[in-house]
1. Students often check this: by mean Cβ neighbours within 10 Å, which of 316-329, 78-91 ranks highest, and how do the rest follow?
2. In whole Å, how far is the Cα centre of region 177-209 from that of region 221-252?
3. So how do 228, 8, 31 line up by other beta-carbon neighbours within 10 Å, fewest first?
4. If packing is taken as the average count of other Cβ atoms within 10 Å, what order do 238-251, 207-220, 298-311 fall into, highest mean first?
5. Convert 10 °C to kelvin, take the viscosity as 1.306 mPa s, use the Kirkwood radius over C-alpha pairs of region 163-272 as Rh, and evaluate the Stokes-Einstein diffusion coefficient in µm²/s, rounded to a whole number.
6. Quick one: order 165, 178 by neighbouring beta-carbon count within 10 Å, fewest to most.
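Here, each number is a calculation from the coordinates, and none is a lab measurement. Keep in mind the model is a prediction, meaning the values are calculated, not measured. Every residue, glycine as well, gets a Cβ built from its backbone with ideal geometry; the counts of neighbours run over all protein chains shown.
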Ligand SMILES: Cc1cc2nc3c(=O)[nH]c(=O)nc-3n(C[C@H](O)[C@H](O)[C@H](O)COP(=O)(O)OP(=O)(O)OC[C@H]3O[C@@H](n4cnc5c(N)ncnc54)[C@H](O)[C@@H]3O)c2cc1C
């Protein structure tokens with residue numbers, strides 16, 4: 001066995017799993033395909049729902065420092081887990097080097113995303129400290145073995161071709177909303193396709209913008225609109241179908257609303273904001289019909305955490321909490337204890353069995 005616990009994904013969920021595992025004496029190896037931990041957090045300028053944190057880049061830096069201090073966790077950046085296999089006595093994870101990793105630039109309040117310096121290669125097998133850029137030096141198809149694995153690979157962006165309600169998108173450059181340069185959208189009308197979370201993030205991070213956001217979204221996105229609805233700059237349009245016109249400046253789109261009304265939307269620019277889909281490695285990670293990977297449906301040696309679990313509860317704090325729970329689940333399993341959060345066997349005194357981790 002290479003370690004007590006393998007962790008796939010170095011977002012808030014995977015990092016929380018690593019420190020929780022260390023707190024109960026478990027050694028872990030954390031595999032992250034990017035060249036830095038917590039890339040998603042670096043794109044969130046303002047955070048208002050995480051205790052003790054107000055900025056994504058600052059939180060990412062704090063987490064990175066916590067992992068650097070965590071002697072029982074080895075972080076492997078620039079490696080992608082491609083296959084998870086579950087056996088009676090172990091799990092095996094196949095890991096490939098990532099050929100090119102786009103460097104991360106933290107996004108601070110009022111800044112657009114941009115690219116920075118190129119990635120440097122490292123020597124094969126050399127341990128990588130969090131934050132250090134790495135290249136493609138690991139052997140192809142390395143297999144790591146451990147008693148348990150935490151899978152916390154989050155979600156990836158949905159493309160326009162995956163949105164059945166959109167037409168006329170082929171060959172059209174539609175950047176994601178979170179990449180929008182605030183200066184380029186100020187005082188403009190912006191057509192936003194989909195009502196996913198980045199809309200809220202952009203609006204909250206840039207109260208100074210005089211942008212008019214026309215947000216066309218399918219009925220199944222309705223629950224995502226509640227947070228943004230009070231913002232006077234936003235017009236929400238629930239649509240069954242949106243068909244782009246041929247021009248690009250201005251952008252025009254024919255829509256059929258959920259009420260059956262036909263309208264033409266006109267905007268200066270258009271951005272994608274369709275949301276995301278789970279991105280687990282192949283193999284033993286079990287997905288439900290929605291593609292998400294609920295913890296309760298996994299192989300007894302596989303624990304899922306973070307955004308990968310469900311379309312709901314996709315937040316930093318819940319990712320961290322579930323990562324910690326996943327690591328404790330592996331710990332309890334290694335002690336032959338029940339791993340669920342409720343309904344385990346009771347003691348004769350009527351209370352739950354004692355916590356071998358001692359709550360520490
Ligand atoms: C624009 C935006 C704004 C947001 N704003 C907020 C907010 O204000 N507050 C809030 O609470 N939440 C917010 N969120 C949600 C929050 O970012 C997520 O809930 C959180 O990051 C989920 O953590 P995670 O660890 O599950 O996944 P992620 O943060 O996505 O981390 C998963 C990691 O796994 C890695 N990975 C994926 N596949 C593999 C593989 N095969 N092998 C190795 N590594 C892999 C990825 O590179 C990534 O680093 C926002 C999200 C977005 C997109």
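1. Details: 316-329: 24.0, 78-91: 17.9.
Order by mean packing, descending: 316-329, 78-91.
2. What the calculation gives is 12 Å, centre to centre.
3. Ranked by crowding around the Cβ, least crowded first: 228, 31, 8.
4. Values: 238-251: 15.1, 207-220: 18.1, 298-311: 23.9.
Those peptides, ordered most packed to least, come out 298-311, 207-220, 238-251.
5. 114
6. If I rank by nearby Cβ atoms, fewest first, I get 165, 178.
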